[in-house]
Amino acid sequence: MQNKLNWQKIYLDHSPKLLGICRRYITDLQNAEDIVQDSFMTAIQKNHQLKDEKAVFGWLKKIVINNALQFIRKTSKDTFITTEPSEIPDHTLTEMTTSAMDEKKHILAYDFTREELLKSIDNLPSHHKSVFNLYYIENYSHAEISSLLEIPVNTSKSHLMRAKNRCKTI
């Protein structure tokens, strides 16, 4: 497959959308552009791992998200694992889990313009923003987020709840 892929065309076709995805995690445009570039370099070097050429965008998207999260972990003064005692009572965690699908349907129902919502998400601390994006935009489960960010499931739920509360007040 290595000889079949036209990386220049793939880059021209997909880099704007991948940059948009990366910007959901990385506020600084220069850093986001660098991450997208690095992600393409990784993809080109590892293109033998791509089994289906039709899945190239999904594969690139996963590389970009992983690289963005890695960048956040390296550069962020914030920590993904909170040192605060949990503010979420146990019964709330159960309610959050059982109502997750309802929440996904209604998260954007607040009286926000698109720009206000994006700005409020951009203003979140990096650990809250990452969980918010992974959960609502990328449709990852808390278990998947927990594994990806190397945090407990309840911490993922706590970060999501705090992100939602902050978005409501911004």
Inset, instruction - Provide the net charge surrounding Ser147, with neighbours chosen by a C-beta distance below 15 Å and charges set as Lys +1, Arg +1, Asp -1, Glu -1. - result: 0
Inset, instruction - Pairs to check: Lys9/Lys46; Lys17/Lys74; Lys61/Lys157; Lys62/Lys157; Lys119/Lys164. Give those whose C-alpha atoms are more than 19 Å from each other in this structure. - result: Lys17/Lys74; Lys61/Lys157; Lys62/Lys157
Inset, instruction - Pop a pseudo-label 7 angstrom from the Cα along the beta-carbon direction at both Asn6 and Asn66 and give the gap in nm to one decimal. - result: 2.8
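Read the figures in this text as sums done on the coordinates, not as results from a lab. Bear in mind that the values here come from a model prediction, so they are computed numbers and not experimental data. Here Cβ is always computed from backbone atoms with ideal geometry, including for glycine, and neighbour counts include all displayed protein chains.
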